[in-house]
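The values are calculated or read from the model by the stated rules, or taken from the named source; none is laboratory data. In this text, all values refer to a predicted model and were calculated from it rather than measured experimentally. Surface areas here come from the heavy atoms of the whole protein model, side chains and all, with no ligands, DNA or RNA. Shrake-Rupley method; radii C 1.70, N 1.55, O 1.52, S 1.80 Å.
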Amino acid sequence: MQLLRKIGYPLSPIYAAVVHVRNYLYDLGVYSSSSFDTPTICVGNLSVGGTGKTPMIEFLVSELQATHKLAVLSRGYGRKSKGLLLANEDTGVEELGDEPFQIYVKFPNLAVVVDADRRNGISYLEDTIKPDIILLDDAYQHRKVRPSLSILLTAFDNLYSDDAYLPAGDLRDSRGEAKRADIIVVTKCPLDLDISAQAAIKKKLKPHSRQLLLFSSLVYERNLKGFNEPMILDDLKDRNVTLITGIAKPGPLVSFLKKEEIQLEHLSYRDHHFFTDREIALFNSKEMILTTEKDFMRLKDKVTGLRYVEVKHRFLENGREALMQAIANL
């Protein structure tokens, strides 16, 4: 991977130029952005994957569903269907994409729609579902929609201020576009991140005075989910565990499991990978399979005894309260 990035380094300035021109045309109004009557909350990033967008969407749903009628709109990256699709009991992971399918399975009473045309998707939701709030998953670069509130995520171990443009780095948008965010959340922070470390990150990111800067961690649950038989992480310490990941950045999960003294074989695949029959046969030959929640959605009906580690956002200090107040002010 590092070799490919070095080879691709000369292409990064070209990619950056295209991104800058596109954003400039939106800023000038040559390309139009639409606002909608229904409050919309955009969750996204400037990079390609690995910042915790889906756990953030799930956090917002968990916090807001008791008091608001919600809907989630996603592009449904990697799905094998086209156009607009409303999740229902007959739609599967291949039709919705792994992340929207995961959200729908976890919150079956939630309206989950996939549509690459976000304006069309919002119009559909306003006409048919009439939600109080629409959560836009991974829509920060989709400037055809002007959201009511923008939440920009950046990972603690790969801040957008330190990153490079594709293909040399992970940036798919300009660092300067962080100015459009109302809230910047530094995700995947250590739980004990102190005030001085937070101040150092703030100095790097240089948020505007109007922008709220928050810090959060991804917390892994100790109770394993999936297969009916109850199991906790400690039960894995004397087992031959194979970890299957098809996510952008599995490093934090691997590190967590190693800290738990779990010896594992790690089979890593690209993000949104659809597993082949040959790969499924390999997995079924293993003694104990552990995976991520997103990968579980693609594998649960194909691999026996499959279990996953659930992950959740946990805000540091008063971050949760500050975020909820910002949403209340919409």
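For Asp132, the residues whose amide H sits under 5 Å from its own are Lys69, Leu70, ignoring neighbours fewer than 5 places away on the same chain, with H placed 1.01 Å from N. Across the alpha-carbon set of the range 1-127, the Rg to Rh ratio works out to 1.03, Rh being the Kirkwood radius.
Under a 5 Å amide H cut-off, with hydrogens placed 1.01 Å from N, Gly97 pairs with Lys80 among residues at least 5 apart or on other chains. GNM, the chain, Cα, under 10 Å: largest mean-square fluctuation among Leu159, Leu171, Leu236? Evaluated over the chain, the most mobile residue of the options is Leu236. Once C-alpha pairs closer than 8 Å and six or more residues apart are averaged by separation and normalised to the residue number of the chain, the relative contact order reads 20 percent.
With the contact rule set at Cα under 8 Å and sequence spacing of 6 or more, what percent relative contact order holds for the range 168-288? Don't skip to the end; give the middle numbers.
Numbers: 104 pairs, mean separation 25.4, N = 121.
Contact order relative to length: 21 percent.
Exposure check, 1.4 Å probe, all protein chains in place: Ser62 carries approximately 70 Å² of accessible surface.
Taking the empirical scaling 2.2 N^0.38 Å for compact globular proteins as reference, the chain has a Cα radius of gyration ratio of 1.00. By how many degrees, between 0 and 90 and to the nearest 10, does the Cα long axis of helix 195-205 differ from the longest principal axis of the chain? Result, in degrees: 60. Amide H contacts of Thr291: Ile244, Arg307, Tyr308, Val309, each under 5 Å away and 5 or more positions distant or on a separate chain (H built 1.01 Å from N in the peptide plane; Pro and chain starts excluded).
Within the listed set Ala248, Ala181, Ala139, the residue fluctuating most in the Gaussian network model of the chain (springs between alpha-carbon atoms under 10 angstrom) is Ala248. Distance from the alpha carbon centroid of the range 235-253 to that of the range 111-187 works out to 29 angstrom. Taking the DSSP beta bridges with both ends in the range 27-166, the antiparallel portion is around 15 percent.
What is the percent carbon and sulfur in the accessible area of the chain, measuring with a 1.4 Å probe over the protein chains and ignoring ligands?
On the way: 8290 of 16090 Å².
It is 52 percent, rounded to a whole number.
Relative to the dominant Cα principal axis of the chain, helix 53-64 is inclined by about 80°. Computed with a 1.4 Å probe over protein heavy atoms only, the accessible area of Ile244 comes to about 0 Å².
Leaving out ligands and nucleic acids, and using a 1.4 Å probe, what accessible area per residue does the chain come to in Å²? It would help to have the intermediate numbers written out before the result.
On the way: 16090 Å² over 330 residues.
Ligands and nucleic acids excluded, the result is 49 Å² per residue.
Phi-derived couplings, Karplus 6.51 cos²θ - 1.76 cosθ + 1.60 at θ = phi - 60°, listed residue by residue for the range 257-262: 5, 5, 5, 7, 6, 9 Hz, with x used for Gly and Pro.
Beta bridges per DSSP, both residues in the chain: antiparallel share near 25 percent. Cα axis of helix 319-328 to longest principal axis of the chain: angle in degrees, 0 to 90, nearest 10? So the helix axis and the longest Cα principal axis differ by about 50 degrees. Heavy-atom accessible area for Glu260, with the other protein chains in place and a 1.4 Å probe, reaches approximately 40 Å².
Put Arg210, Arg22 in order of accessible area, highest first, and with a 1.4 Å probe you get Arg210, Arg22. Going down the table (Lys69/Lys225; Lys206/Lys258; Lys203/Lys294), which pairs top 32 Å between alpha carbons? The answer is Lys206/Lys258; Lys203/Lys294. Sequentially through the range 106-113, phi angles give Karplus couplings (6.51, -1.76, 1.60; θ = phi - 60°) of 6, 10, x, 8, 8, 6, 10, 10 Hz, Gly and Pro residues having no value and appearing as x.
Note on the chain: with a GNM built from Cα contacts shorter than 10 Å, the maximum mean-square fluctuation among Arg314, Arg278, Arg79 falls on Arg278. Beta bridges from DSSP with both residues in the range 194-330: antiparallel share about 40 percent, rounded to the nearest 5. Evaluating 6.51 cos²θ - 1.76 cosθ + 1.60 at θ = phi - 60° for every residue in the range 76-81, the Karplus couplings come out as x, 4, x, 6, 9, 10 Hz, glycine and proline recorded as x.
With an 8 Å Cα cut-off and a minimum separation of 6 or more residues, compute the relative contact order for the range 140-219 in percent. Result for the range 140-219 is 33 percent.
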